[in-house]
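Shown next, in structure tokens, is the structure this report addresses.
The values are calculated or read from the model by the stated rules, or taken from the named source; none is laboratory data. What you see is a predicted model; the values in this text were computed from it and never measured. Glycine gets a Cβ as well: all are built from the backbone with ideal geometry, and neighbour counts include every protein chain shown. Remember, those area values only see protein heavy atoms, side chains included, never the ligands or the DNA or RNA. Shrake-Rupley method; radii C 1.70, N 1.55, O 1.52, S 1.80 Å.
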Amino acid sequence: MKIKSKQLKEFLLDSELLKKEEIEKAFKEAKEKDVPLGDFLLEKNLINELELRKLYAYILGIPFIDLSKETIPSEILQIIPKPIAEKYNIVAFSKTGNNLKVAMLNPEDLQTIDFIKKKSNLKIIPCLTSEKNIKDTIRQYEKSLKAEFGDIIDKNAQEMTEVSAKEKHPEENLEKIAQDMPVIRIVDTLLKHAILQSASDIHIEPGEKEVRVRYRIDGILHDAMVLPKQILSGIVARIKVLSNLKLDEHRLPQDGRFKIKKEEYKISFRVSILPVFDGEKIVMRLLDESSKGLTLESLGFYGRSLEILHREIKKPNGMILITGPTGSGKTTTLYTIMDILNTPEVNISTVEDPVEYRMPRINQTQVNPKIGMTFSAGLRSLLRQDPDIIMVGEIRDKETIEIALHAAMTGHLVLSTLHTNSAPAALPRLLDMGAEPFLVASTVNVIVAQRLVRRLCPNCRTAYKFSQKEIESLEKNFNTKEILEFIKNSEQVDKKNKFNDLKDLEFYRAKGCSQCNNEGYKGRIGIYEVLENNSQTEKLISQSSSTETIARQVREDGMASMAEDGFVKAAQGITSVEEILRVTKE
């Protein structure tokens, strides 16, 4: 767009979106670097894309449209074919009579407007929108999973019958079945929709008469599709071919992996195949390798907990433990810490089961108990590889904990995970596994306990306040006085309105809209408790104290509980109280 930097500067000064001195300074720096003022403002986070685009629309004298809350009817969207929409960043969103409203990034692209005018035989009314709006709207071109499967199964009814016939003859070439077009299309469609819905796992479960497909989205399993039983062998064969597994092995479990690379994403699939009564069950874990490096802040750490963690990971030796049940995000936290520590000056080595994400400059070793490559054997070998930082996927036995503690004591920083419900419970658990109390006391630096809660969809969440009855119900699960006190002292919660009771605070509930597939939630965030080992805690560990005694002491030292951390996030509107209850009830 031909908007001159000087012109934008004048309008910014009139709009008072930024301070005069900020605008003058940005204008000068942009001129020196020979970049457009708008691009410079975005790069420096002085303005967001939506505000800038609205300003451009105002300068150009054309309407601005925010499509983030719009669900566009398919017949209108399809007026502009998907390849054109992607190539020229233009989407149709409204049609009245002979007028077609289109949203685009460059309304001065007269050539594209003219092309669409001739193709559709309609009068084109261009509107300006943001890049994110265009990308999100292009996703609406994808058919629903049911509609797409209906098409595939209807169009290929004859081929499906042939696949069914082949299943009755196991001696037939399984590889041929895996290459059949309907089977390829079905598997591709299942994978594509899982990626579009940001699923973390795909479950393909055979029953007596049908095959059920479920996606785990934001930690919750959802039914996605029910397929005819006759195509199970084709799906299993196709996934085995992709994962480089044995096609003729149906009695033993198999594990494998494969990748899908596209311009927009790079997804790694970890495949587990298990024989069950009605066939072979497949579970695929999706790992997004294209996601940018996470930060501790983006995971949900803040305030005192964040300070402690940043301080402890910079120490040259000692142990950092992440605890929580399966699926609570422990590995993601460990990888984020490793990403922060991953500099050319240090040698980082890991022993994992399995290796989830590939990380550059980190030496990752896969555990294989069948050939004697256990956590303890791998860890013992690692110590001869001159590491500065060691990551042990999980501490499972006495031998592993002893080697890890000695490594932490002899100048290595050791990161690992443990299955316990809270941070204080991790210390007695280490002693139960046979670790020496004095070793645990002197080497453990910090313990993080965590759970994952779903994020409320910001487009449709609804505010409410607790009734007296709801407060009484909460008191059965939580210490509401301590929670209220913690919220009062938290810098994260807006203190504009004074509150003396939980009843005075505003919380939010999930509602559901087109942006979150009517779930009310979109994405996840962690809630944490961070236990820093100090002289008082060391004494209690040396005396083999109980979990309750340690918990009392660390609370006195200022450790926030997971519930308190969760309620602060609920008061900010990030998550709901229902989610806190779901993940913290034991």
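Taking a virtual spin label 7 Å from the Cα of E29 along the C-beta vector, which residues in region 1-20 bring their backbone nitrogen under 14 Å of it? Of the residues in region 1-20, 19 have backbone N under 14 Å from the label point off E29.
Over all orientations, the chain has a Cα convex hull whose mean projected area works out to 33.6 square nanometres.
Rounded to the nearest 500, what is the chain's calculated 222 nm mean residue ellipticity when only DSSP H runs of at least 4 contribute -39500 (n - 2.57) each, over all residues?
-12000 deg cm²/dmol
Loop-located trypsin sites (Lys or Arg not before Pro) in region 202-245 (DSSP state not H, G, I, E or B) with no more than 11 neighbouring Cβ atoms inside 10 Å: K209. Taking the chain as a whole, the Cys residues whose C-beta sits 4.7 Å or farther from every other Cys C-beta are C127. Shown here for region 358-407: trypsin sites (Lys or Arg not before Pro) in loop regions (DSSP other than H, G, I, E, B) with at most 13 other Cβ atoms within 10 Å, namely R358, R361. Each residue was assigned an accessible area with a 1.4 Å probe, and for E70 the value is about 80 Å². In the chain, Cα pairs under 8 Å separated by at least six residues give a relative contact order of 9 percent. For the chain, the membrane-span-like helix rule (DSSP H, alpha carbon extent of at least 18 Å along the helix axis, mean Kyte-Doolittle at least -1.0) picks out 181-196; this says nothing about an actual membrane.
Multiplying the sequence separation of D432 and N106 by 0.36 nm and subtracting their Cα-Cα distance, what value in nm do you get? Mind dumping the intermediate values first?
Values: separation 326, 0.36 × 326 = 117.36 nm, distance 6.52 nm.
My answer for the length gained is 110.8 nm.
Between E475 and S74, the modelled label-to-label distance comes to 5.4 nm, taking each label 7 Å out from Cα in the direction of the beta carbon. A full extension of the chain between H222 and F499 corresponds to an added length of 95.8 nm, given 0.36 nm per residue minus the alpha carbon distance.
For the residue pairs K240/K522; K20/K135; K6/K95; K6/K119; K503/K585, the alpha carbons lie more than 29 Å apart in K240/K522; K20/K135; K6/K95; K6/K119.
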